[in-house]
Amino acid sequence: MQPLENDNFICLKCNNIKTLALFDSRAAKSCVSQRFVNCLKLKIQNLPIGHSQCFAAAKGKPLFVAGLVPLTLNIQGLCIPHSFAVLKHLT
């Protein structure tokens with residue numbers, strides 16, 4: 001992978017797939033694209049009752065939540081399990 005000019009991206013592994021991830025310390029939610037989850041061949045879990053079905057991007061654009069998925073991020077050997085909201089049109 002080529003280095004990016006934006007220092008907010010980190011290189012990590014998820015299910016042995018190397019990827020770049022945006023690390024945003026100001027984000028209120030942890031999100032992953034439905035496309036990436038499909039590449040990992042993971043089942044998306046239904047949203048629990050009361051969970052928001054739509055988030056708002058920084059500029060106010062609606063982001064629709066398809067469900068939740070547990071992922072384990074491997075960052076230089078440090079494995080971090082975390083639950084992510086799966087967004088249908090996240091790039």
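The values are calculated or read from the model by the stated rules, or taken from the named source; none is laboratory data. Owing to the predicted nature of the structure, the values given are computational and were not obtained by experimental measurement. Neighbour counts run over all protein chains shown; Cβ positions are idealised from the backbone, glycine included.
Only residues that are over 13 Å from Val37 (Cα atoms) and in contact (Cβ under 8 Å) with a residue 24 or more places away in the chain were counted across segment 52-72, and they come to 3. Answer with yes or no whether Ser25 is surrounded by 15 or more Cβ atoms within 10 Å (Cβ to Cβ) and at pLDDT below 95. Judged against the criteria, Ser25 is not a match. When you look at Lys13, is it exposed (fewer than 12 other Cβ atoms within 10 Å of the Cβ) and charged (D, E, K, R), yes or no? Criteria not met by Lys13.
Considering only segment 18-79, give the strands (runs of 3 or more DSSP E) lying wholly within it that have at least 2 residues that are of a type outside the set (D, E, K, R), at negative phi and under 12 Å from the mean Cα position of the chain (by Cα).
In segment 18-79, the matching strands (runs of 3 or more DSSP E) lie at 31-33, 62-75.
Number of residues in segment 43-75 that are touching a helix residue (DSSP H, G or I) at 6+ places or on another chain (Cβ under 9 Å) and either more than 22 Å from Cys14 (Cβ to Cβ) or of a type in the set (A, V, I, L, M, F, W, C) (or both) equals 4.
Taking the criterion of being of a type outside the set (D, E, K, R) and under 11 Å from Leu90 (Cα atoms), the residues of segment 28-45 that qualify are Cys31, Val32, Ser33, Gln34, Phe36. Among the conditions (1) touching a Ser or Thr at 6+ places or on another chain (Cβ under 8 Å); (2) surrounded by fewer than 14 Cβ atoms within 10 Å (Cβ to Cβ); (3) closer than 26 Å to Asp7 by Cβ; (4) modelled with pLDDT of 90 or more, Thr91 misses just one, which is (4). Applying the selection to segment 62-84, what residues are of a type in the set (A, V, I, L, M, F, W, C) and in contact with a His (Cβ under 8 Å, 6 or more places away or on another chain)? Hits for segment 62-84 are Leu63, Phe64, Val65, Leu68, Leu71, Leu73.
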